[in-house]
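The values are calculated or read from the model by the stated rules, or taken from the named source; none is laboratory data. Worth saying up front: this structure is predicted, and the values here are computed from it rather than measured. Every residue, glycine as well, gets a Cβ built from its backbone with ideal geometry; the counts of neighbours run over all protein chains shown. Protein only, heavy atoms only, side chains kept; ligands, DNA and RNA dropped before computing areas. Shrake-Rupley method; radii C 1.70, N 1.55, O 1.52, S 1.80 Å.
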Amino acid sequence: MSQWLSNLNEEQMRAAQHGEGPLLILAGAGSGKTTVLVSRTGHLIEAGKARADEILVLTFTNKAARELNHRVKTKLGDGARGLWTGTFHSFGLQLLRKNSKLLGLPKTFGIIDASDSAAIVNELLKDLNVSGKAGFKVETLMSMMDDWRSRGQRKAKNDDGYEIALEVILPKYVSRLKSLGVVDFQSLLLKPIELLQENSELLEFLQNRFKFIMVDEFQDTNTLQFKLLELLSAQHKNLGVVGDDDQSIYGWRGAQVQNILNFPHRFDNCEVVRLEKNYRSTPAILEVANSVIKKNKERHEKQLVPGLTPSESNKPEVFFYDDESFECEGVVEQINYFRNKGYKIKDMAVLYRSNGQGGLLEAVLRQSQIPYSVTGSFSLFDKKEVKDLLAYLRCSLRPNEVALRRVINTPARGIGDTTIEKIHNHAEALNISFYQALKRWKQIEIKEGIGAQIDEFLLLLQRLPEFLLSPENDQSVGERFLTWVKNIGYYDYMRKSYKSDDAFTYRWSSVEIMAKVINTFVDRGGKEKKTIRDFVDAMELRDCNDEDSDKEDKVQLLTFHACKGLEWPVVIMIGVEEDLIPHRTLGTDVSEERRLFYVGLTRAKEHLVLTRSLHRKRYGKMMPSAPSRFLQEIPPHLITSYEGGHRPVSAEKKQALLGDLMKKLESQIETQKIDPKQPI
């Protein structure tokens, strides 16, 4: 038997052996979907159906892409050379980099994030002559703008204020991006589609190059991603997608669950393979998860069944607490309980619906001296220091106006707003880039002293890559990066920006993490400019992570959304109450909220604990809370409930505790000469 097919179960083997034609792999939680993706990729190459460079695998994180690539290369060696694995956005970015001229993009275009996009929209709102503009929410406008752009809408369909405003703002926003020499995240999908639709030769080339296309986490694809896949696979229809509609939880950011629900109807002769054997959780946990998700009506029919025989299968437990303070103290009690059972702290995770629930829990964990790590809260990419330093790196390689404006006077160099506007106006008048205009400062009536600062700034940027990659120093690239940060005065600038040492230390730690990630990239890609460019692209795509963080012995705190794709021996889900899950304001789609709850349940491998408070503070007042409807959907016989908030102590345990107490008392009497007749 092929090395790629050994150790697969019957359904996994059927998926891995699939050849030409559309394929839908419905991969339930913990069913080994990555193994199947790797096996199918390797089998296609080994069987001679495609070379590695004729296979395209699209994922939602570069971490998943790297794992797949590594596992295929481990077995195939040079035979895996050219295999393209990466995210939709990184694929779009590569396509735009190679074909920027066809779209009228500057070769050095940059990528802006949501906060930069919001700043542009805010700026455009100031010039908007629409009644009631002061009441516009930028977030709502941006969400509508994404929807319009994905559907190609340009005109308002009714007299709604937002629609009218957007009809004016959208073309100005697109024009502003072009003048700044940047693209936003949505453009990384929109523009490749535009490119392929308008350039038939390029489309035909890519269709012939990628004979087989595979997609991971297909349930998370949006309208644009699906359109891109249709274009690339239009000739051969060799599109294999892996996903689970029961884990589609990103509708709020554009994911279309209908993509996976309708896939067999969109592609004729589609083979559907169901992976239902779960190799993660105990039978008792799977019973609870199945009982919840079957309440959703619009789904592919499937049922998780245990693929392993565990040594024990404890029923999931539900604990009731009087209020959220007692609930957090109960979490500490749970952590200590499982530590006493032999689990490490990093074997446990505490999940909650929204980040606001984590604050009190963090305080209680700190008080109890339990180390913890918060995942997916305030992102590294959103921190000012990281964005500033990333802009420096961007400007040293491919400068654009957004990045240059961000750092030209940070730390202060005496290059103020008036000077910057003069440069911007000069660039627009001559139809040149902001960077080119900077170098022409003598023609713009800028004072010599300020001009000297501009020259020094430009020289600083020019020398940065050489400084980082210099072989003449025994420091790592990450260490040299931190040295450079201090050399340009940014360290001192940060010191002055934060009043307390704790605040500064916390923010500086983000810079140190950034330095570690640069090191990882250089170790993987080599000491060359291209590696720094790859790092900048990955950071701008928000796809870098500190891969050592999960090795630390800390309890993981994270939201239900952030936990997807992860697993732990012990999972504690808190706040299982109505108005939290489903959420009273965020959970308008109850089916998606139920899927979100299901995702949380299926993260647990051996022990699952659910907690709820009988009272919770809302708007400053303690109010009664009701159990989540999802909790009530679980048949009572599948769970063990503790209404008093504590597990009952067995007679044997009571005897042991009493014995320990008597030993302590006897020791005190002996060492402190306590009179046994005195009351204690």
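For the range 121-271, report the accessible area per residue in Å² (1.4 Å probe, heavy atoms, rounded to an integer).
On the way: 7080 Å² over 151 residues.
Ligands and nucleic acids excluded, the figure is 47 Å² per residue.
Using only Cα atoms, tell me the angle between helix 62-76 and the longest principal axis of the chain; keep it within 0 to 90° and round to the nearest 10.
90
For the range 362-423, with every protein chain kept in place, what is the accessible area per residue (1.4 Å probe, Å²)? Show your work: numbers first, answer last.
Numbers: 2460 Å² over 62 residues.
I get 40 Å² per residue for this part.
Which distance in Å, rounded to a whole number, links the C-alpha centroids of the range 429-467 and the range 159-177?
34
May I ask you to evaluate 6.51 cos²θ - 1.76 cosθ + 1.60, the Karplus curve with θ = phi - 60°, for each residue of the range 236-244 and list the ³J(HN,Hα) values in order in whole Hz, giving x for glycine and proline?
Result, ordered by residue: 9, 6, 8, 10, x, 10, 10, x, 9 Hz.
Please give the per residue accessible area of the range 475-534, computed with a probe of 1.4 Å over protein heavy atoms only, in Å².
Accessible area per residue: 55 Å².
Taking 7 Å along the Cα-to-C-beta vector as the label spot, tell me the LEU665-SER175 distance in nanometres, rounded to one decimal.
Reported label-point gap for LEU665 and SER175 is 8.6 nm.
In the range 66-98, which trypsin sites (Lys or Arg not before Pro) fall in coil by DSSP and have 11 or fewer other Cβ atoms within 10 Å?
Answer in residue order: ARG81.
I'd like the orientation of helix 161-180 relative to the chain: the angle between its Cα long axis and the longest Cα principal axis, in ° from 0 to 90, rounded to 10.
Helix 161-180 sits at roughly 60 degrees to that axis.
Quote the FRET efficiency, to the nearest 0.05, computed for GLN94 versus GLN369 with a Förster distance R0 of 51 Å and r equal to the Cβ-Cβ distance.
0.60
What residues of the range 516-532 lie in the reach of a label at LYS63, counting those whose backbone N is under 19 Å from a point 7 Å from the Cα along Cα→Cβ?
Output list for this probe position: 516-525.
What do you reckon, how do TYR491, TYR250 stack up by accessible area (1.4 Å probe), largest on top?
The most accessible residue leads, giving TYR491, TYR250.
Loop only per DSSP, at most 16 neighbouring Cβ atoms within 10 Å: give me the chymotrypsin sites (Phe, Trp or Tyr not before Pro) in the range 572-645, ordered by residue number. Walk me through the numbers on the way to the answer.
Numbers: sites: PHE597, TYR598, TYR619, PHE630, TYR642; in loops: TYR619.
Counting only loop positions with at most 16 other Cβ atoms within 10 Å, the chymotrypsin sites (Phe, Trp or Tyr not before Pro) in the range 572-645 are TYR619.
Full-extension gain between GLU312 and ILE444, please, as 0.36 nm times their residue separation minus the C-alpha to C-alpha distance.
Full extension from GLU312 to ILE444 adds 39.8 nm.
Would you grab the residues whose amide H sits under 5 Å from the one on LEU610? Only those 5+ places off in sequence or on another chain, please, with H modelled 1.01 Å from N.
So LEU610 has HN proximity to GLU317, VAL318, PHE319, MET573.
R0 = 35 Å: FRET efficiency of GLU230 with ASN355, Cβ-based, nearest 0.05?
Working: r = 36 Å, r/R0 = 1.03.
Calculated value: 0.45.
Restricting to the range 549-648, what percent of DSSP beta bridges are antiparallel, rounded to 5?
Counting DSSP beta bridges with both partners in the range 549-648, the antiparallel share is about 50 percent.
Heavy-atom accessible area of ASP660 with all protein chains present, probe 1.4 Å, nearest 10 Å²?
Per-residue accessible area (ASP660): approximately 80 Å².
What's the extension gain from GLU301 to TRP252 if we count 0.36 nm per residue and subtract their Cα-Cα distance?
That works out to 15.2 nm of additional length.
Between LEU557 and residues 5 or more places away or on another chain, which pairs have amide H atoms under 5 Å apart, with H built 1.01 Å from N, and which residues are they?
Residues meeting the amide H criterion: VAL350, SER373, VAL374, THR375.
Carbon-plus-sulfur fraction of the accessible area of the chain, 1.4 Å probe, in percent?
Carbon plus sulfur share of accessible area: 48 percent.
Using a 1.4 Å probe, how large is the accessible area of ARG542, given in Å² and rounded to the nearest 10?
About 80 Å², rounded to the nearest 10.
Helix-only estimate, please: 222 nm mean residue ellipticity of the chain, summing -39500 (n - 2.57) across DSSP H runs of length 4 or more and dividing by its residues, to the nearest 500.
Calculated at 222 nm, the ellipticity per residue is -15000 deg cm²/dmol.
Output the direction-averaged projected area (hull surface divided by four) of the convex hull of the alpha-carbon atoms of the range 375-523, in nm².
10.6
Return the loop-located trypsin sites (Lys or Arg not before Pro) in the range 432-537 (DSSP other than H, G, I, E, B) with at most 16 other Cβ atoms within 10 Å of their own Cβ; answer none if there are none.
Within the range 432-537, the qualifying trypsin sites (Lys or Arg not before Pro) (loop, at most 16 other Cβ atoms within 10 Å) are ARG440, LYS447, LYS499, LYS527.
Could you check the simple spin-label distance between LEU430 and GLU329, using points 7 Å along Cα→Cβ, in nm with one decimal?
Placing both labels 7 Å along Cα→Cβ, they lie 7.1 nm apart.
Whole-Hz ³J(HN,Hα) for each residue in the range 455-469, computed from phi via Karplus 6.51 cos²θ - 1.76 cosθ + 1.60 with θ = phi - 60°, x for glycine and proline: what do you get?
Along the range 455-469, the couplings run 4, 5, 4, 5, 5, 4, 5, 4, 8, 4, x, 4, 5, 5, 9 Hz.
Enumerate the calculated ³J(HN,Hα) couplings along the range 478-495 in order (Karplus 6.51 cos²θ - 1.76 cosθ + 1.60, θ = phi - 60°), each rounded to whole Hz, writing x wherever the residue is Gly or Pro.
So the J values, rounded to whole Hz, are x, 5, 5, 4, 5, 4, 5, 4, 6, 4, 8, x, 6, 4, 5, 4, 5, 3.
Please identify the longest segment of the chain free of exposed GluC sites (Glu not before Pro), where exposed means a DSSP state other than H, G, I, E or B and no more than 10 other Cβ atoms within 10 Å.
Of all site-free stretches, the longest is 1-297.
Using only Cα atoms, locate the centre of the range 475-501 and the centre of the range 8-23, then give the distance between them in Å, rounded to an integer.
The distance from the Cα centre of the range 475-501 to that of the range 8-23 comes to 52 Å.
Of the beta bridges DSSP finds with both residues in the chain, what % are antiparallel, to the nearest 5?
Here the share of antiparallel DSSP bridges comes out near 10 percent.
From zero up to wherever the largest Cα-Cα distance of the chain sits, split into 20 Å bins and tell me the percent of pairs in each.
Taking every Cα pair in the chain, the percentages come to 15, 44, 33, 7, 1.
Please list, ordered by chain and number, the residues whose modelled amide H lies under 5 Å from the amide H of VAL215; skip anything fewer than 5 residues away on the same chain.
LEU58, GLY240, VAL241, VAL242
For the range 379-423 and the range 255-287, compute the distance between their C-alpha centroids and round to whole Å.
46
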